[in-house]
Amino acid sequence: MSFNTFGRMFRVTTWGESHGPALGATVDGCPPGVRVDEATIQHWLDRRKPGQNKYTTQRREADAVKILSGVFEGQTTGTPVQLMIENTDQRSKDYGDIAETFRPGHADITYWQKYGIRDYRGGGRSSARETAARVAAGGLAREAIKALAPGVQITGYMVRMGEHEINRDRFDWDQIDRNPFWVPDAQAAETWAGYLDGLRKSGGSVGAVIEVVARGVPAGLGAPVYAKLDTDLAAACMSINAVKGVEIGEGMSAAILTGERNADEIFMGNDGEPVYSSNHAGGILGGISTGQDVVVRFAVKPTSSILQPRQSITKSGEPTQIITKGRHDPCVGIRAVPVGEAMMACVILDHLLMHRGQVGEHRGSIG
């Protein structure tokens, strides 16, 4: 199986399976001299790890990261950084009943059709457990961004769970870390808790929409044609397990706006830098960052593993009914928030390095 690597200069290769001995990431292209240790990366993994509350899968994984190479005396050396996370709470027996059956909504059937072999234990390589490796790589990327563009802040949060949306008039950055849903709306968090608890007890699941914002991104990142910043962000988010749609800025809603409303008018600010009347573009114009907040939004489908019977077929083509056992997230969107942040960090760093390599400092002064 090829195509396990993303990025151009900051290149991340993830490896491992859900029920294998370990998984991780090999990161090539991280600049030397970045101060990092296992505790720094662990902070981000702790935000994603399972079993932290009743709203996520009860699989108990420490997600303890080990740095095997590329760091010496607390700094990156410029050589590949190998990050490893051991699996410690697998229950492969939970999946014995589906060894010959395809789970609806999962990649079981397409993996079999493509490769003629599949690891049915938790989905193997297609499991959302793979995203732990991305979060580890994203933790390293954040430390490198601090060195190159210290003003950049990356924050993700949920804006929708099923039919329930946040009220943007109540948006509060400080609320994001105060509830289990990463929601910037305290009232919405309270409503969602009861809603998801009911779904969890019934063995059902629901989808979600996550928004990730990168504040302080310098103008000029990206390229006009085949290395657009928004192209790479969309691809990075779309590659996350269970993601079915990605928007940049206004996204699909731009189709219902008039040109007058959609145009982000430009003025000169008191500090000699351009300012914009709005940010419908999501901080990117022509594939290049404007200096405004970069805003990405992605939709995560409902967890396909549910305790309600579904119709399917076996590998021999026989009809069957299946109930997926095991430990699963009633809303996988909750743990997708730190994954989205990680992908944003990796892409932003990749473009910072490309920009530095091609252009160096910004070329076009204004005023």
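The values are calculated or read from the model by the stated rules, or taken from the named source; none is laboratory data. On a predicted model such as this, the values are computed, not experimentally measured, just so you know. Glycine also receives a Cβ, built like all others from the backbone with ideal geometry; neighbour counts cover every protein chain displayed. Just so you know, the surface numbers come from the protein's heavy atoms only, side chains and all, with ligands and any DNA or RNA stripped out. Shrake-Rupley method; radii C 1.70, N 1.55, O 1.52, S 1.80 Å.
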Could you name every one of the strands (runs of 3 or more DSSP E) located completely within segment 57-174 that has at least 2 residues being under 25 Å from LEU23 (Cβ atoms), modelled with pLDDT of 90 or more and over 21 Å from the mean Cα position of the chain (by Cα)? 65-69
Output for segment 311-367, where each listed residue is modelled with pLDDT under 85, of a type in the set (A, V, I, L, M, F, W, C) and either open to solvent by less than 10 Å² (accessible area, probe 1.4 Å) or out of contact with any Lys or Arg (no Cβ under 9 Å at 6 or more places or on another chain) (or both): ILE366
(1) in contact with a helix residue (DSSP H, G or I) (Cβ under 9 Å, 6 or more places away or on another chain); (2) open to solvent by less than 30 Å² (accessible area, probe 1.4 Å): which one isn't true of GLN308, the others all being true? (2)
When (1) over 15 Å from the mean Cα position of the chain (by Cα); (2) under 26 Å from GLU361 (Cβ atoms); (3) buried (at least 20 other Cβ atoms within 10 Å of the Cβ) are applied to VAL225, the one that fails is (3)
Evaluate the following for GLU273: is it free of Cβ contacts under 8 Å to residues at least 12 places away in the same chain, acidic (Asp, Glu) and open to solvent by 70 Å² or more (accessible area, probe 1.4 Å)? no
Residue list for segment 123-158, restricted to those being among the hydrophobic types (A, V, I, L, M, F, W, C) and surrounded by 22 or more Cβ atoms within 10 Å (Cβ to Cβ): ALA128, ALA132, ALA133, VAL135, ALA136, ALA137, LEU140, ALA141, ALA144, ILE145, ILE154, MET158
Selection within segment 280-290 - open to solvent by 30 Å² or more (accessible area, probe 1.4 Å) and either among the aliphatic types (A, V, I, L, M) or touching a strand residue (DSSP E or B) at 6+ places or on another chain (Cβ under 7 Å) (or both): LEU285, ILE288
Quick check on my filter: what residues within segment 315-355 are under 23 Å from the mean Cα position of the chain (by Cα) and of a type in the set (Asp, Glu)? ASP329, GLU341, ASP350
